[in-house]
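Student: If you scroll down you'll find the structure; I have some questions about it.
The values are calculated or read from the model by the stated rules, or taken from the named source; none is laboratory data. In this text, all values refer to a predicted model and were calculated from it rather than measured experimentally. Note that we place each Cβ from the backbone using ideal geometry, even for glycine, and neighbour counts take in every protein chain shown. All accessible areas refer to the heavy atoms of the entire protein, side chains included, with ligands and DNA or RNA removed. Shrake-Rupley method; radii C 1.70, N 1.55, O 1.52, S 1.80 Å.
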Amino acid sequence: MSAKLILVVGALAAVASAVPRPDSPPVYGAPPPTYKQPGMPFEFAYAVKDPYSGNDYAHAQTSDGHVTSGSYSVALPDGRTEIVEFTADHDNGYVANVAYEGEASYPAPAPSYHPAPSYPHPPSYPPPPPHPHQ
């Protein structure tokens, strides 16, 4: 080997050994989950009532950062309204009280579909005439 090559290899070894080494290998991945983080206070509400489409629902919710409570309602296809009142926190979880207003009603079934009678033979058409430039 030449002296220059030995000198370059020696310099690289010196630089590599001068790099500080961590006490333990790095740990990669997601941090461990943390539960019961403090919440942010909030409040919201909305409602939709559209007689044309039949949409009729509402939702209201509040939180002090620890306990969330609220209610929502929706008009069901059977004519009743479902109303849910709830609370949720880290100690009791989600607790809901579900109630229904109105009486369920079901419309008479629509008349069944009867397809048109089938024809014994499909119509036949003569083949198209040959193209004049063939």
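Student: How large is the dipole of the stretch 38-114 about the Cα centre if only Lys and Arg carry +1 and Asp and Glu carry -1, each at its Cβ, rounded to the nearest 20 debye?
Tutor: It works out to roughly 240 debye.
Student: Then there's this: Could you check how much of the accessible area of the stretch 74-132 is carbon and sulfur, as a whole percent, using a 1.4 Å probe?
Tutor: 62
Student: Follow-up. How many percent of the alpha carbon pairs in the stretch 73-117 exceed a separation of 12 Å?
Tutor: Tail of the P(r) past 12 Å holds 72 percent of the pairs.
Student: From the Cα gyration tensor of the stretch 37-106, with a ≥ b ≥ c the square roots of its eigenvalues, which class applies: rounded if a/c is under 1.5, or else prolate if a/b is larger than b/c, or else oblate?
Tutor: oblate
Student: Each residue of the stretch 96-108 in order: what ³J(HN,Hα) in whole Hz does its phi give by Karplus 6.51 cos²θ - 1.76 cosθ + 1.60, θ = phi - 60°, with x for Gly and Pro?
Tutor: Computed from phi, the couplings for the stretch 96-108 are 10, 10, 10, 9, 10, 10, x, 10, 6, 9, 10, x, 4 Hz.
Student: Calculate log10 I(q)/I(0) of the stretch 93-134 for q = 0.20, 0.32 Å⁻¹, where I(q) comes from the Debye formula with a single equal point scatterer on each Cα and nothing for solvent.
Tutor: The calculated log intensity ratios at q = 0.20, 0.32 Å⁻¹ are -0.91, -1.16.
Student: Read phi for every residue in the stretch 59-73 and hand back ³J(HN,Hα) as whole Hz from Karplus 6.51 cos²θ - 1.76 cosθ + 1.60, θ = phi - 60°, with x for Gly and Pro.
Tutor: 8, 9, 8, 9, 8, 9, x, 10, 10, 10, 9, x, 7, 8, 9
Student: Rounded to the nearest 10 Å², what accessible area does THR34 show when all protein chains are kept and the probe is 1.4 Å?
Tutor: Ignoring ligands and nucleic acids, THR34 comes out at about 90 Å².
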